[in-house]
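Novice: Here it is: the structure, laid out below.
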Amino acid sequence: MLSISGQYLARYRRLTTDTGATLPVTGAQRRFILVRALDPTGRPDLVPMFFAFPRGTVDLARLTAAAERLAALHPVLRGRPGVVRGTPVLRVAEPRVPVVRVPRAPDEDAATALRRALRAWAPDGPPLRLFLTDGGTGGGTEGAAGAERYGPGAGREAEPEDEVLAIVLDHAVCDGRSLARLVEELGVAYTEGSRAQPPSPSDTAAELTAYREAVLLQLDAEERAAAPEALAYWGGRLRAVRDRAPAPRPGAPAPGTLPSGSASALLRPPAGTAGVPFPELLDACRAAMRSLYGPGHVVPLGYPWGGRPPGAEQLLGCFLNTVVFPAATGPAPSGAEVTADAWWDDLDRADVPFDAVVHAAREAGSGWSGRLDGLLTVDDARQRPPLRLAGVEGREVHVDGRPVRGPFALSVTQGRELRLRMAWDRAVLDDDAARAAFGALTDRLRRPAPTAPAGH
């Protein structure tokens, strides 16, 4: 019997012709497209990056030409996520990239103006858009959400004499591995200016073929990963999971529409730590969920994991799967050692696509809807180039208050320290309760980390 990915590919082939105008999507893209289709407003998940430049640095016409050269080369940047008779697809359109100067109202700072621009995002337009506004971000630079990124200048604000450039993508067309390449190529195309030639038809065709082949390789990997024993594992692992976040208060705005609350902290990893202590982060999220939702529950926490399938080129796209961690909240915390043991077992089946995992859990008797009550993302800032426009290096800054999809999201950036940023949906979680949960999370991380389990 075909897996969900196999069934999807069979439906896709029945619905479309191999003309290049419509492309199949990965399991990660299926999740984002279907979540958007089920949202009453049709809003997508957005991945923004914000860079401060000295005022007058950015030439909008030159930036537009550079961005559209990238969109002409990379199929995913001119793709339009859609659903054809219940089947998610990516429609290939013209390489148009809006680059918009956002005027500030008299009472606005740059952060407020950019939040307003993102709220007005038209769901059916291009997946890559750029926004430029003047002035410092004021108090709006402390925040986190979903797949956010934080660079070496994390926590620094834009100055009043700066202008802030927002590079924003629909999450259905990008993952963390895409962002570094996009930043580098955009800077190169901008620096070349009028000397740059558009990609040749042969280059465009080759990139389209490579992208389609990478997606097909990913779907094949997903089908192999969703073996009966792997589905049985996830069914048993998630059988006790339920949605735990409270419903919005009567009369409150819909979830994801209010400016988010936020908190942040810096932690120094223990001496000799080579990377992010991921099991400890999961255990700390367990402490936060216990604070938020009470003891005795099993709460769904999601985190991105994976990469391009073997044999695929390192091209732009969305390939990272969302893995579900069932965070048991008590009655007493179980400790990072137990968390690590379970996490290593999960990673052996981390390629099973999210929709297949949800189906397996429900088949096993879980009442879980598939909604995540928390999200954890980790970014290594040391592996990312800065954005340079004609020799001027932008400083990455952050804009808080952007709506989050889900009760809370924790973003962790690895540099010399670990920077933690938590954002929460104020339509669902009270500020005091969310800050207490963030305190429980950071307290857990400040405890001495145990040694990783033997054999892993």
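Novice: Hey, residue 100 hits all of (1) over 19 Å from residue 168 (Cβ atoms); (2) open to solvent by 50 Å² or more (accessible area, probe 1.4 Å); (3) among the aliphatic types (A, V, I, L, M) but one; which does it fall short on?
Specialist: Tallying (1) over 19 Å from residue 168 (Cβ atoms); (2) open to solvent by 50 Å² or more (accessible area, probe 1.4 Å); (3) among the aliphatic types (A, V, I, L, M), residue 100 fails exactly one: (1).
Novice: Sticking with this one: Take the conditions under 26 Å from residue 393 (Cα atoms), open to solvent by 30 Å² or more (accessible area, probe 1.4 Å) and without any contact (Cβ under 8 Å) to a residue 24 or more places away in the chain and apply them to residue 10. Does it pass?
Specialist: no
Novice: While we're here: Identify the single condition in (1) under 16 Å from residue 165 (Cα atoms); (2) in contact (Cβ under 8 Å) with a residue 40 or more places away in the chain; (3) in a helix (DSSP H, G or I) that residue 71 does not satisfy, given that it satisfies every other one.
Specialist: Answer for residue 71: the failing condition is (1).
Novice: Could you check the range 45-81 and list, in sequence order, the residues that are over 24 Å from the mean Cα position of the chain (by Cα), within 26 Å of residue 402 (Cα to Cα) and either open to solvent by less than 30 Å² (accessible area, probe 1.4 Å) or among the acidic types (Asp, Glu) (or both)?
Specialist: 53, 58, 63
Novice: Please specify each residue of the range 361-391 satisfying the condition of being over 30 Å from residue 240 (Cα atoms) and not in a strand (DSSP E or B).
Specialist: Within the range 361-391, 381, 382, 383, 384, 385, 386, 387, 390, 391 qualify.
Novice: Could we say that residue 84 is in contact with a helix residue (DSSP H, G or I) (Cβ under 6 Å, 6 or more places away or on another chain) and more than 25 Å from residue 176 (Cα to Cα) here?
Specialist: yes
Novice: In this structure, is residue 418 closer than 27 Å to residue 35 by Cα and surrounded by 15 or more Cβ atoms within 10 Å (Cβ to Cβ)?
Specialist: no
Novice: For the condition open to solvent by 30 Å² or more (accessible area, probe 1.4 Å), over 30 Å from residue 193 (Cβ atoms), at pLDDT below 95 and of a type outside the set (Asp, Glu), what is the one hit in 369, 411?
Specialist: 369
Novice: Restricting to helices (runs of 4 or more DSSP H) lying wholly in the range 172-267: which have 1 or more residues that are over 30 Å from residue 364 (Cα atoms) and more than 26 Å from the chain's Cα centre (by Cα)?
Specialist: 176-192, 201-225
Residue-wise test of (1) open to solvent by less than 60 Å² (accessible area, probe 1.4 Å); (2) at pLDDT 95 or above; (3) polar (S, T, N, Q); (4) in contact with a Pro (Cβ under 9 Å, 6 or more places away or on another chain).
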| residue | (1), (2), (3), (4) |
| --- | --- |
| 230 | yes, yes, no, no |
| 245 | yes, no, no, yes |
| 251 | no, no, no, no |
| 257 | no, no, yes, yes |
| 280 | yes, no, no, yes |
| 286 | yes, no, no, yes |
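Novice: What residue, of 384, 308, is open to solvent by 10 Å² or more (accessible area, probe 1.4 Å), in contact with a Phe, Trp or Tyr (Cβ under 7 Å, 6 or more places away or on another chain) and farther than 21 Å from residue 286 by Cβ?
Specialist: 308
The values are calculated or read from the model by the stated rules, or taken from the named source; none is laboratory data. This structure is a prediction, so every number in the text was calculated from the model and none was measured. Because the Cβ atoms are built from the backbone with ideal geometry, glycine has one as well, and the counts that use them run over all protein chains shown. Note: accessible area is taken over every heavy atom of the protein model, side chains too, but ligands, DNA and RNA are not part of it. Shrake-Rupley method; radii C 1.70, N 1.55, O 1.52, S 1.80 Å.
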